[in-house]
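Report on the structure given below.
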Amino acid sequence: MLRAIFIIFIFQLTGEAIKKFFEINIPGPVIGLILLLLTLIYLRRFKKGKVKDLKEDITNTGNYILSYLSLLFVPIGVGVVMHLAFLEKNLINVIFIIFLSTILTIGFTAYVMEKLNKRLDARKR
Amino acid sequence: MLEKDKLYIIWVYLQAEPLFWLTLTIGCYLIGDFLYKKSKLFPLVNPVAISIFLISIILVFLDISYERYFDGAQFIHFMLGPATVALAIPIYKQFELVKKESTSIFFSLIFGSVFAIISTFILCRLFQIDNEVIFSMLPKSATAPIAMGISEIIGGIPSLTAIITVLTGIMGATFGTFALDFLKLKDMTARGFGIGLASHGIGTARAMSRNETAGVFSALALGLNGIATSILVPLLFKVLTLF
C-alpha cells in the first residue's frame, strides 16, 4: 500500500513538474492521470512477477482512495457555502442558470453519445 | 460554574486543533453516506451536499471562520490530487471498451463541451448577468483548478469560478440522473460520459457509486473535458463577446 501511494504521488509530482515546465493550463494531477494510464497500458504485457504484483498493489490502493472520492470534495464545498454572499444580487439567477445549463448539457451529451454508439455499432455489423 | 468554565477551556483548546475539524468532516460525511445508502442511492440524497450543509450550519452556529475549519480539512482536500491520478486505474481496466467507442467519445466531447459553454452564455445574457460574472461562469464544466485558470485568462474572477464550478458539480450529481431518465437514455457509457463532462469530479463520484461503466466514462469525460474546455473557452470567448 505504501509503495502504491508513493508511486501515485510520484506521478502527481511529475505532472506538476511538467505543468510548470511547459507552462500549460492543465492541472498536475490530470497530467499525472494521463501518465499513469499510459504506464499501465505499457505494462500490460507483464502477466506475472514483481511488476504484476506492483500493478495489483496500485490498482487496489487506487480503488480504495476512489471509493472515498465524494468525501474529498467536502472541504472545498464548505468554502463555497461560506462564500455564497460573493454572488450578491445575482445569487438566485446564477444558481438557476447553473442548474439549467448543467442538466441540459448532461442530457445533450449523453443523447449525442448514445445515438452515435448505436449508429457506429450498426455500421460495424 | 467551575465545571462549565472547564468545558469552555477544553472547547477553546480543541477548536484550535486541526484534529477537531478533520473529525467533524469525516463524521458529517459518514452521516451523509449513511443516509445516501439508506435511500438506496437516491440522487437527491447526495452525501457531498448533506455533509457540506451540516458542516456549514455548524460553522455558522459556532461562529468559526472557513480558514480555521480548512486548517483541519485540508488534509482531506490534499487527497484530491492523488485521487485524480488514481482515476487512471478504472479507465485502464475498461480500456478495451474505451478504445472501441473512441469515435463517439471524440464527437460527444466536442459537441458536449461547446454546448456547455454556449448554453451558459445564452442563459446569462437572458438573465442580464454582469460580464465579469459571465466570464467566471463559462468554464464551469471543467474541473475546478482548470476552470479557475481559464477564468483568469478571459477576465473572470477565479475565486468566483471555484464557487460556480463546485455548484455545477453538485447540480450534476444531484439532478443529472433525472435528465438522463427523462430522455430514456440507457447506455451506461453515454450516461456516465454526460455526467462527467458537465459536472466533473463531484458528478464522477456519484456515477462511480452507481455503476462501474458509467463511473469509468465519467472519469474519462472529466479528464477530456478539462482539456477541451481550456482550448474551447478562449476560442469561443472571442466570438461570444461580439454578442
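Between B:ILE9 and B:PHE182, how many nm apart are label points set 7 Å from Cα along the C-beta direction?
Distance between the two pseudo-spin positions: 5.9 nm.
Top mean-square fluctuation among B:SER104, B:SER65, B:SER209, Gaussian network model of chain B, C-alpha springs under 10 Å?
Result for chain B, Cα springs under 10 Å: B:SER65 fluctuates most.
Which percent of the accessible area of chain A is formed by carbon and sulfur heavy atoms (probe 1.4 angstrom)?
68
Exceeding 31 Å between C-alpha atoms, which entries from my cross-link table qualify? They are B:LYS6/B:LYS38; B:LYS40/B:LYS140; B:LYS38/B:LYS99.
The pairs that break the limit, which is 31 Å between Cα atoms, are B:LYS6/B:LYS38; B:LYS38/B:LYS99.
Of all alpha-carbon pairs in region B:12-70, indicate the percentage at a distance above 13 angstrom.
Within region B:12-70, distances greater than 13 Å cover 61 percent of Cα pairs.
Could you work out the helix-only [θ] at 222 nm for the protein assembly as shown, with each DSSP H run of four or more residues adding -39,500 (n - 2.57) and the total divided by the number of residues, to the nearest 500 deg cm²/dmol?
Mean residue ellipticity, 222 nm, calculated: -27000 deg cm²/dmol.
Would you mind working out the magnitude of the charge dipole of region B:53-135 relative to its Cα centre, with +1 at each Lys and Arg C-beta and -1 at each Asp and Glu C-beta, to the nearest 20 Debye?
420
Highest mean first, what order results for B:196-208, B:41-53, B:222-234, A:86-98 on Cβ atoms within 10 Å?
For the peptides B:196-208, B:41-53, B:222-234, A:86-98, the packing ranking is B:196-208, B:222-234, B:41-53, A:86-98.
Pairs of alpha-carbon atoms within less than 8 angstrom and 6+ residues apart define the contacts here; what relative contact order does region A:1-69 have, in percent?
Contact order relative to length: 36 percent.
Note the angle between two axes, namely the Cα long axis of helix B:158-182 and the longest principal axis of the Cα atoms of chain B, as a number of degrees from 0 to 90, rounded to the nearest 10.
Its long axis makes an angle of about 70 degrees.
Keeping all protein chains in place, calculate the accessible area per residue for chain A (probe 1.4 angstrom), answer in Å².
Per residue, chain A has an accessible area of 58 Å².
Which one, A:VAL78, A:LEU104, A:ALA122, is farthest towards the positive end of the dipole of region A:73-125 when Lys and Arg carry +1 and Asp and Glu -1 on their Cβ?
A:ALA122
Excluding same-chain residues fewer than 8 positions from A:LYS50, which lysines have a Cα within less than 22 Å of its Cα?
Partners found: B:LYS93.
From Cα pairs below 8 angstrom and at least 6 apart in sequence, can you work out the relative contact order of chain A, rounded to a whole percent?
Result for chain A is 20 percent.
Counting only other chains, what is the mean number of Cβ atoms within 10 angstrom of the Cβ of each residue in peptide A:30-42?
Mean number of neighbouring Cβ atoms from other chains: 6.
If I take every Cα pair under 8 Å that is 6 or more residues apart in chain B, average their sequence separation and divide by the length, what percent do I get for the relative contact order?
For chain B, the relative contact order is 17 percent.
Give me the distance between the Cα centres of region B:17-95 and region B:154-182, rounded to whole Å.
Cα centroid to Cα centroid, the span is 17 Å.
Rounded to the nearest whole Å², what accessible area per residue is found for region B:85-240 with the 1.4 Å probe?
I get 34 Å² per residue for region B:85-240.
Using a Förster distance of 30 Å, how high is the FRET efficiency between A:ARG44 and A:PHE6, based on the Cβ-Cβ distance and rounded to 0.05?
The pair A:ARG44/A:PHE6 has a calculated efficiency of 0.90.
What span do the alpha-carbon atoms of region B:85-240 cover on each of the three principal axes, reported in whole Å from largest to smallest?
43, 30, 25
If I model a spin label as a point 7 Å beyond the Cα along the Cα-Cβ vector, how far apart are those points for B:GLU96 and A:LYS20 in nm?
Going by the 7 Å Cα→Cβ label model, 4.2 nm.
Hey, what angle do you get for helix A:28-42 against the long axis of chain A, alpha-carbon based, 0 to 90 degrees rounded to 10?
Between the helix axis and the principal axis of chain A, the angle is about 40 degrees.
Want the number for B:PHE243 to B:ASP71: 0.36 nm per residue separation, take away the alpha-carbon distance, what's left?
57.6 nm
How are the Cα pair distances of the protein assembly as shown distributed, in percent, across 10 Å bins from 0?
The distribution over the protein assembly as shown is 5, 24, 32, 25, 9, 3, 1, 0, 0, given as percents.
In whole Å, how far is the Cα centre of region A:41-92 from that of region B:192-226?
Answer, in whole Å: 12.
How many partner chain Cβ atoms sit within 10 Å of a residue's Cβ in peptide A:4-12, on average, as a whole number?
3
Averaging over all projection directions, find the projected area of the Cα convex hull of region A:1-69 and quote it in nm² with one decimal place.
Answer in nm², one decimal: 5.0.
Nothing charged except the Cβ atoms of Lys and Arg (+1) and of Asp and Glu (-1): what's the magnitude of the dipole of region B:85-240 about its Cα centre? Round to the nearest 20 debye.
That gives region B:85-240 a dipole magnitude of about 300 debye.
Just to check, using Stokes-Einstein with a Kirkwood Rh over alpha carbon pairs, what's the diffusion coefficient of region A:70-125 at 4 °C and 1.567 mPa s in µm²/s?
Estimated via Stokes-Einstein, D reaches 89 µm²/s.
What average count of beta carbons from other chains do you get within 10 Å of the Cβ of residues in A:54-60?
Counting other chains' Cβ atoms within 10 Å and averaging over A:54-60 gives 2.
For chain B, take the longest principal axis of its alpha carbons; what is the angle in degrees between that and the long axis of helix B:2-15, to the nearest 10 within 0 to 90?
Helix B:2-15 sits roughly 30 degrees off the main axis of chain B.
For labels at A:LEU100 and B:PHE106 in the simple 7 Å Cα→Cβ model, what's the distance in nm?
According to this spin-label approximation, the distance is 3.5 nm.
Looking at B:LEU126, B:CYS28, B:PHE53, which one has the Cα that reaches farthest to the positive end of the dipole of chain B (charges on Cβ: Lys, Arg +1; Asp, Glu -1)?
The Cα lying farthest towards the positive end belongs to B:LEU126.
The values are calculated or read from the model by the stated rules, or taken from the named source; none is laboratory data. For clarity, every value in this text was computed on a predicted model and none was experimentally measured. Note that each Cβ is placed from the backbone with ideal geometry, even for glycine, and that neighbours are counted across all protein chains shown. To get the accessible areas, we keep the full protein, side chains included, count just its heavy atoms, and leave off ligands, DNA and RNA. Shrake-Rupley method; radii C 1.70, N 1.55, O 1.52, S 1.80 Å.
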